[in-house]
Each structure stands twice: as structure tokens, then as C-alpha cells.
Amino acid sequence: EAQVTQNPRYLITVTGKKLTVTCSQNMNHEYMSWYRQDPGLGLRQIYYSMNVEVTDKGDVPEGYKVSRKEKRNFPLILESPSPNQTSLYFCASSFSGQGGARAFFGQGTRLTVV
Amino acid sequence: AQKVTQAQTEISVVEKEDVTLDCVYETRDTTYYLFWYKQPPSGELVFLIRRNSFDEQNEISGRYSWNFQKSTSSFNFTITASQVVDSAVYFCALSRPNSGYSTLTFGKGTMLLVSP
């Protein structure tokens with residue numbers, strides 16, 4: 001089954017404690033991206049990756065890091081989380097080609113930083 | 001710069017009413033894709049439709065229909081005979097060119113509440 005898998009689904013952590021949210025896709029897509037969703041703001045792009053070892057900033061990259069060492073994985077790293085990073089996070093894997101373009105989303109990770 | 005505007009923050013209707021969710025977009029690109037996603041209370045994002053910029057035909061899928069008008073940069077979504085299960089947040093989104101059109105700029109969403 002084609003899917004994007006995020007872990008964990010829920011996470012409560014304390015300010016300053018480094019954490020990683022994992023994202024994996026099994027569709028061999030070149031593009032992967034991270035979004036955060038906040039009430040009244042919709043989804044905003046954090047980072048995206050065009051392929052292995054190629055990443056770029058989205059609209060709200062401050063406080064986040066990413067890496068793309070393998071095509072299937074795109075972890076989101078918060079090295080020193082702060083309460084303003086409390087949010088719902090979505091990973092997406094996407095393709096673009098003759099058939100058009102489309103993003104497939106993971107189930108979301110609800111992060112609370114206290 | 002790209003922008004997607006969903007001016008309706010929240011809409012409340014009674015079951016069986018028709019409802020239209022508005023989406024206006026801004027882009028300088030001639031090639032782009034527009035999307036609608038549904039986010040039910042469970043939180044996942046459910047893909048509803050994709051439309052490319054060269055195809056202005058309206059589309060109907062069951063009770064759902066979409067009206068794409070390039071002249072007004074709008075991509076509106078109508079639910080006919082709404083049902084309680086349609087209650088959700090709906091997002092309109094526009095493809096970003098710097099990622100092969102595959103990553104997205106989202107609107108802020110419209111929360112639809114359908115009451116019995």
C-alpha cells in the first residue's frame with residue numbers, strides 16, 4: 001500500500017530537549033516536504049527536498065533542521081524545541097511528471113512543547 | 001509570491017443545504033495546479049481534487065463540484081445536499097513551481113459545520 005508514515009503521532013516534550021520526527025515513504029517519490037498547521041494559519045511549509053542530499057527552506061524554517069540521506073526518509077529535527085513550535089506537523093511525499101503533480105500526506109504528528 | 005485566500009473562516013449550514021467554499025489564488029506562473037483537501041475531525045488530510053491551469057472544465061464528483069475560473073483566479077468548491085459527514089476543515093492549495101509543482105501553498109482553511 002502506498003503510504004507516508006510519520007512517527008510519533010503524538011509527542012509531549014520539554015523546552016530545549018532535542019527531538020526528531022521521522023517520515024518515510026514507499027512510493028519512490030523524489031520530492032518530500034514538511035508542513036506545520038496552526039489554528040487560523042492553515043498549513044505552512046517548513047522545508048522541502050528535491051532529492052537525496054538536496055533540501056531547501058520553505059516559509060517557516062527557523063528552529064528546524066532536515067536531512068535527506070536516503071530517498072525514502074526525510075526526518076524533521078528540532079534541536080532546541082520551544083513552546084511556539086507546538087503544532088500539528090505533516091510530512092508529504094510528492095511527484096511531478098506527465099501525469100501531473102500530487103502530494104501524499106502522512107497522518108500528522110501532534111507536538112506539544114511545555 | 002504566491003497566495004491562496006479562503007475568505008470564509010467558518011460556515012454553518014443545516015443538512016441538505018447546498019454550500020460553496022470560495023478560493024482565490026495569486027500566482028505569476030502560467031503552469032500550476034490547484035487542489036482541494038478535506039481535514040475531518042480525526043485530523044488527516046484527504047485529497048479531493050487536482051486541477052491544472054490549462055483545464056478550465058468544471059468537474060463534478062457525486063455531491064461535489066468544482067468551478068475553476070482563470071479570469072477571476074478562483075477555484076470554488078460546492079457541496080450539494082450537504083450531510084453531517086461533510087463537517088470538516090477544507091483547504092484550497094496551489095502548487096509551488098520550485099518543486100516541480102509538487103509542494104504546496106495552502107489557504108488558511110474553511111471550517112464547515114453541517115448540523116442535522
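Here's the yes/no breakdown for (1) in contact (Cβ under 8 Å) with a residue 40 or more places away in the chain; (2) over 29 Å from B:Asn98 (Cβ atoms); (3) of a type in the set (Ser, Thr, Tyr); (4) out of contact with any strand residue (DSSP E or B) (no Cβ under 7 Å at 6 or more places or on another chain):
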{"residue": "B:Gln6", "(1), (2), (3), (4)": "yes, no, no, no"}
{"residue": "B:Glu10", "(1), (2), (3), (4)": "yes, yes, no, no"}
{"residue": "B:Val13", "(1), (2), (3), (4)": "yes, yes, no, no"}
{"residue": "B:Trp66", "(1), (2), (3), (4)": "no, no, no, no"}
- Item | Leading residue by the ranking (farthest from the other protein chains (Cβ to nearest Cβ)) among those in the range B:69-83 that are surrounded by 20 or more Cβ atoms within 10 Å (Cβ to Cβ) and within 14 Å of the chain's Cα centre (by Cα) | B:Ile79
- Does B:Val4 satisfy the condition of being within 14 Å of chain A (Cβ to nearest Cβ), modelled with pLDDT of 95 or more and either touching a Cys at 6+ places or on another chain (Cβ under 6 Å) or part of a helix (DSSP H, G or I) (or both)? yes
- Going through the range A:25-61 one residue at a time, which ones are hydroxyl-bearing (Ser, Thr, Tyr) and either within 17 Å of A:Arg110 (Cα to Cα) or touching a Leu at 6+ places or on another chain (Cβ under 7 Å) (or both)? A:Ser33, A:Tyr35
- Quick count over the range A:79-110, residues being crowded, with 21+ Cβ neighbours inside 10 Å, part of a strand (DSSP E or B) and not polar (S, T, N, Q), is 7
- Note on the structure: Of the residues in the range A:60-108 that are more than 14 Å from chain B (Cβ to nearest Cβ) and aliphatic (A, V, I, L, M), the one that is farthest from A:Ala2 (Cα to Cα) is A:Leu78
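Let's see how each residue does on (1) among the aromatic types (Phe, Trp, Tyr); (2) out of contact with any helix residue (DSSP H, G or I) (no Cβ under 6 Å at 6 or more places or on another chain); (3) within 14 Å of chain A (Cβ to nearest Cβ); (4) assigned to a helix (DSSP H, G or I):
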residue: B:Arg28; (1), (2), (3), (4): no, yes, no, no
residue: B:Gln57; (1), (2), (3), (4): no, yes, no, no
residue: B:Val85; (1), (2), (3), (4): no, yes, no, yes
residue: B:Tyr101; (1), (2), (3), (4): yes, yes, yes, no
- Would you pick out the residues in the range A:27-73 that are modelled with pLDDT of 95 or more, part of a loop (DSSP other than H, G, I, E, B) and touching a Phe, Trp or Tyr at 6+ places or on another chain (Cβ under 7 Å)? A:Pro61, A:Tyr64, A:Arg68
- Task: For the range A:91-98, indicate whether the set of residues that are closer than 18 Å to A:Gly58 by Cα, modelled with pLDDT of 95 or more and among the aromatic types (Phe, Trp, Tyr) is non-empty.
- Result: no
- Out of the residues in the range B:34-46 that are more than 12 Å from B:Val4 (Cβ to Cβ) and not in a loop (DSSP other than H, G, I, E, B), which is farthest from the other protein chains (Cβ to nearest Cβ)? B:Lys38
- Message: For the range A:1-26: of the residues being assigned to a strand (DSSP E or B) and within 13 Å of chain B (Cβ to nearest Cβ), which is surrounded by the fewest Cβ atoms within 10 Å (Cβ to Cβ)?
- Response: A:Tyr10
- Item | Residue ID - surrounded by the most Cβ atoms within 10 Å (Cβ to Cβ), chosen from residues in the range B:84-116 that are within 23 Å of A:Met50 (Cβ to Cβ) and aliphatic (A, V, I, L, M) | B:Leu104
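The values are calculated or read from the model by the stated rules, or taken from the named source; none is laboratory data. Because the structure is predicted, anything quoted here is derived from the model rather than measured. In this analysis, Cβ positions are derived from the backbone assuming ideal geometry, glycine residues included, and neighbour counts consider all displayed protein chains.
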